[in-house]
1. Examine the range 168-178 for a residue that is over 24 Å from Gln52 (Cα atoms), without any contact (Cβ under 8 Å) to a residue 24 or more places away in the chain and either surrounded by fewer than 20 Cβ atoms within 10 Å (Cβ to Cβ) or of a type outside the set (A, V, I, L, M, F, W, C) (or both), and state whether such a residue exists.
2. Answer yes or no: is there a residue in the range 88-97 that is under 23 Å from Gly262 (Cβ atoms) and part of a loop (DSSP other than H, G, I, E, B).
3. Looking at Gly119, Gly112, can you tell me which residue is loosely packed, with under 13 Cβ neighbours inside 10 Å, more than 27 Å from Gly262 (Cα to Cα) and either more than 20 Å from the chain's Cα centre (by Cα) or modelled with pLDDT under 75 (or both)?
4. Every residue in the range 192-205 that is under 22 Å from Gly76 (Cβ atoms), part of a loop (DSSP other than H, G, I, E, B) and in contact (Cβ under 8 Å) with a residue 40 or more places away in the chain, please.
5. How many residues are at negative phi and at pLDDT below 90 when one looks only at the range 197-223?
6. Going through the range 23-71 one residue at a time, which ones are within 13 Å of Phe186 (Cβ to Cβ), of a type in the set (A, V, I, L, M), in contact (Cβ under 8 Å) with a residue 40 or more places away in the chain and surrounded by fewer than 20 Cβ atoms within 10 Å (Cβ to Cβ)?
7. Checking the conditions here, which among Val276, Val211 is in a helix (DSSP H, G or I) and exposed (fewer than 15 other Cβ atoms within 10 Å of the Cβ)?
8. Can you confirm whether the range 179-199 contains a residue that is among the aromatic types (Phe, Trp, Tyr) and farther than 23 Å from Val21 by Cα?
Amino acid sequence: MIETITALITRILSNPTANVVQKRLSDSYSAVLINLYSYAFLSLACIWFACQNNWLQYSWNYWGYVCLAGMLCTLGSVCLIKALKYGELSVLGPINSYKCVVGLIIAYFMLGEIPDIAGAWGVIMIIGGSWFIFDTVKEGFSFKLLLRKDIILRFCALFFTGCEAVVLKKIILLSSVGECFILWCFSGFIFSLLLMIFMRKDFCAVSKKDVGSIFVIALCLGLMQYSTNIVFKHIDVGLSLALFQLSNIITVFAGYYIFTEGNPVKKIIGTVIMIVGSCLILI
């Protein structure tokens, strides 16, 4: 129990911290490059641990899950960093609560699952809470807002990371928390490199003053993912994702105090409503 609570608190704190530094660096470097360097740091830290393990014991199906997780992780991270470059941290963070709504929609079309009353109220609360947040931007809560580049990228990021969470849970069940984390680091680096080649992005070295920032991102991402794996081991994915939404409150405060983003009270109210809605859907 103590391990799970510690991991949950670490997850809630590390995610918004990484987002703050990613947003700062996004003005100077491409999202793919930031992601590549972050996972390069993590991969270097995992080499010794990786060499101690017998990876030949796992089947091709297992490695298929690893590759899928790496691809989803990379796409989600790059979309998120790009979104942070164009939008406000305190607006984009709470949108993560829509991950629960996306899950309901996918379950309806693919599995024929119809949400119960609590789930329906959860969707209404998430939409209502987002009205408070979106009402603080120029477009307001409108269709025009959904066409903004940062909003589209943020929704893409939550879709990819939501799918990734399910795949990671499968990997943990087939191996362990530590092995899943090691492979997450290496697969994130490999797919970031492949995406950089595919998108024909220029590789460049980060300046000396930004190396520390990349290290902070890598450290926060490492803490975030390892703590996530621990939580997934003990708690169902749905409930875990609902609890992770608590980090959205920290994101709103960070946006206000660090990037001087306005209307913090309205955003906090909207965020709390969306968190309650997420819990109604997933618990």
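The values are calculated or read from the model by the stated rules, or taken from the named source; none is laboratory data. Just so you know, these numbers come straight off a predicted model, no measurement behind them. Ideal geometry is used to build each Cβ from the backbone, glycine not excepted, and the neighbour counts take in all protein chains shown.
1. No: zero hits.
2. Among the residues of the range 88-97, at least one is under 23 Å from Gly262 (Cβ atoms) and part of a loop (DSSP other than H, G, I, E, B), which makes the answer yes.
3. One residue alone meets the criteria, Gly112.
4. Scanning the range 192-205 gives Met199, Lys201, Phe203.
5. Within the range 197-223, residues that are at negative phi and at pLDDT below 90 number 12.
6. Once the filter is applied, which keeps residues that are within 13 Å of Phe186 (Cβ to Cβ), of a type in the set (A, V, I, L, M), in contact (Cβ under 8 Å) with a residue 40 or more places away in the chain and surrounded by fewer than 20 Cβ atoms within 10 Å (Cβ to Cβ), the range 23-71 yields Ala40, Ala45, Ala50.
7. Exactly one of Val276, Val211 is in a helix (DSSP H, G or I) and exposed (fewer than 15 other Cβ atoms within 10 Å of the Cβ), namely Val211.
8. Yes.
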